[in-house]
1. For residues in segment 325-363 being of a type in the set (D, E) and closer than 30 Å to E60 by Cβ, which is surrounded by the fewest Cβ atoms within 10 Å (Cβ to Cβ)?
2. Having 2 or more residues that are acidic (D, E) is the bar; report the helices (runs of 4 or more DSSP H) wholly within segment 168-268 that clear it.
3. For E364, work out the one condition from (1) part of a helix (DSSP H, G or I); (2) without any contact (Cβ under 8 Å) to a residue 24 or more places away in the chain; (3) more than 24 Å from V184 (Cβ to Cβ) it doesn't fulfil.
4. I'm checking my understanding of the structure. Among residues of segment 367-405 that are among the acidic types (D, E) and modelled with pLDDT of 95 or more, which one is farthest from Q260 (Cα to Cα)?
5. Taking G102 and the conditions (1) on the phi < 0 side of the Ramachandran plot; (2) touching a residue at least 40 places away in the same chain (Cβ under 8 Å); (3) in a loop (DSSP other than H, G, I, E, B), which numbered condition does it fall short on, given that it satisfies the others?
6. How do the pairs read when you match residues in segment 56-80 that are under 30 Å from A118 (Cα atoms) with residues anywhere that are β-branched (V, I, T) and surrounded by 12 or more Cβ atoms within 10 Å (Cβ to Cβ), using Cβ under 6 Å and keeping only pairs 6 or more apart or on different chains?
7. Out of (1) more than 23 Å from the chain's Cα centre (by Cα); (2) assigned to a helix (DSSP H, G or I), what's the single condition that is false for Y71?
8. Residues to consider are E202, E163, E134; find the one that is closer than 29 Å to W357 by Cβ, acidic (D, E), in contact (Cβ under 8 Å) with a residue 24 or more places away in the chain and surrounded by fewer than 23 Cβ atoms within 10 Å (Cβ to Cβ).
Amino acid sequence: MATENVGMMSSFSAEDLHLPGPGVGAELRPPPARYREERRWEHLRKSLYSPWVHVGDEWEESAYTHLLDEYMWRGDEIMDAVAHLFSRAGNGRAMFEQVLDGDVRSIPDAPQELVDLAEHLDRVPSWFDREASERGRRRLCAVSPMAKLAAFGFSLFAVTMKEDAAESTGATGQFKQEPLRRAVDTSRYFLEVTHPTALDRESERFKTIIRVRLMHALVRKGLIRRWGPARVAETGMPLSDASVAGGHAWFGTMPVVIDQYLGRPISMSDLDDVAMHWAYIAYLTGASAEILPKNGLDSIRLADHIFASAGRPVPRYRVQMAEALLYPTEALGGEAAIRDLIGATTAVVGTRDAQEWLSGTKYESLPLAELASGFRAVAEQQALVMRHEDEDPTTARSQDAFVDGDPDMTAAYLAMRDFAAERGVHVTEYTEHDGSTSGRSLGPAR
């Protein structure tokens with residue numbers, strides 16, 4: 001089998017990174033069949049999204065959801081081409097870093113892939129409203145600490161339980177081999193996008209976003225080679241365009257709608273600002289502008305559709321991944337921290353889905369309903385206090401608020417970074433997958 005895989009890998013070219021499109025005038029492709037077997041995560045979707053959209057038992061079909069389904073078959077054309085360059089040029093990383101520095105013209109005979117990337121990064125899309133984005137950034141920073149905890153817990157749940165995310169993440173093996181490395185890298189990225197300079201082309205934080213985008217493309221190229229075109233044609237593109245757009249739902253709207261769920265309302269205008277902020281982040285991370293919500297209501301529709309289409313957890317990875325992703329929190333904060341995190345997550349996703357998440361793990365015997373109830377009691381009180389502060393003009397958020405990014409996320413990142421450094425794990429520039437394009441280091445399809 002190993003010999004067959006190596007032979008198959010060597011036959012791949014740049015074109016293999018993109019499944020054939022539907023063609024001009026043709027119907028959009030339906031999603032991979034496995035994502036329509038059942039609607040998933042009902043408790044979460046009804047709890048968080050029913051104030052704005054109908055969350056029912058039937059699939060909500062629209063022109064927008066059909067477009068999202070189509071983009072489950074697509075990758076990131078611009079960065080996938082750069083990933084292919086890594087396979088044929090020994091100095092791919094060095095040239096990529098020159099592009100990030102705005103120095104593509106200094107590259108002798110610069111490959112067209114890098115010229116295209118440079119032009120893409122230098123061009124701010126006409127739909128981007130920087131002032132609205134800045135308001136959205138500040139609103140996200142102002143989310144209550146308990147809602148941020150629940151949103152973080154949801155992200156760990158979703159990586160484990162969302163089928164396409166679990167398959168791609170699990171195949172890299174990083175969650176098992178280097179859980180602290182993944183925790184540091186991930187928390188750094190999500191901290192840096194809270195900084196006011198994150199979306200400025202010349203900033204170091206902007207470069208972090210683009211390095212993460214390249215890492216995704218390198219892994220995607222390797223997974224396609226490892227799994228083979230027949231598998232991809234059956235299940236959809238790994239780390240697809242739609243899944244990257246789904247990050248808008250995971251990390252953009254999730255914290256603020258959890259705040260509302262806990263009793264601290266958010267206005268539609270605030271949701272619009274948050275949507276604009278995360279639309280540009282997701283765009284820079286590789287999602288197509290055509291499927292990115294630019295307003296609050298569309299962001300809710302995206303979240304509901306993406307989560308309803310979550311699929312089933314991957315048996316070969318679920319238990320190991322759940323434990324590995326929770327390990328850094330437990331190692332750093334002990335039993336109390338892990339109980340708080342699991343209680344917060346359960347309060348959002350519901351006891352039934354939380355039980356499925358933790359079944360077979362060392363945490364399966366925890367009293368999930370009790371932990372969720374305890375979280376809600378504290379979190380709702382915190383939300384109430386912050387709601388009163390929101391309504392008091394003397395304590396309203398100023399224009400100078402959060403000039404250094406999210407203070408809660410800063411504290412969490414620094415604690416994790418220092419904890420990892422004491423154990424020999426240090427900050428890198430997201431280069432871990434530079435050698436993954438062959439696919440040999442990645443796991444097989446299940």
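1. So the first thing to find is which residues in segment 325-363 are of a type in the set (D, E), and the list is 330, 335, 340, 353, 356.
Cutting the leftovers down to closer than 30 Å to E60 by Cβ gives us 353, 356.
Working: D353: 20, E356: 17.
Out of the qualifying residues, it is E356.
2. Working: elements: 174-177, 179-192, 204-227, 229-235, 241-247, 254-261.
Because the criterion is at least 2 residues that are acidic (D, E), the helices (runs of 4 or more DSSP H) in segment 168-268 that meet it are 179-192.
3. Of (1) part of a helix (DSSP H, G or I); (2) without any contact (Cβ under 8 Å) to a residue 24 or more places away in the chain; (3) more than 24 Å from V184 (Cβ to Cβ), only one is false for E364: (1).
4. So in segment 367-405, the residues among the acidic types (D, E) come out as 370, 380, 389-392, 400, 404.
This time we only want the ones that are modelled with pLDDT of 95 or more, so: 370, 380.
Numbers: E370: 22, E380: 10 Å.
So the residue we want is E370.
5. G102 satisfies all of (1) on the phi < 0 side of the Ramachandran plot; (2) touching a residue at least 40 places away in the same chain (Cβ under 8 Å); (3) in a loop (DSSP other than H, G, I, E, B) except (1).
6. That search, which allows pairs on different chains as well, returns L67/I291; L68/I291; Y71/I291.
7. Answer for Y71: the failing condition is (1).
8. Numbers: E202 fails: closer than 29 Å to W357 by Cβ; E134 fails: closer than 29 Å to W357 by Cβ.
Only one candidate qualifies: E163.
The values are calculated or read from the model by the stated rules, or taken from the named source; none is laboratory data. Keep in mind it's a predicted model, so treat the numbers as computed, not measured. Positions of Cβ are generated from backbone atoms using ideal geometry, with glycine treated the same way; all protein chains shown enter the neighbour counts.
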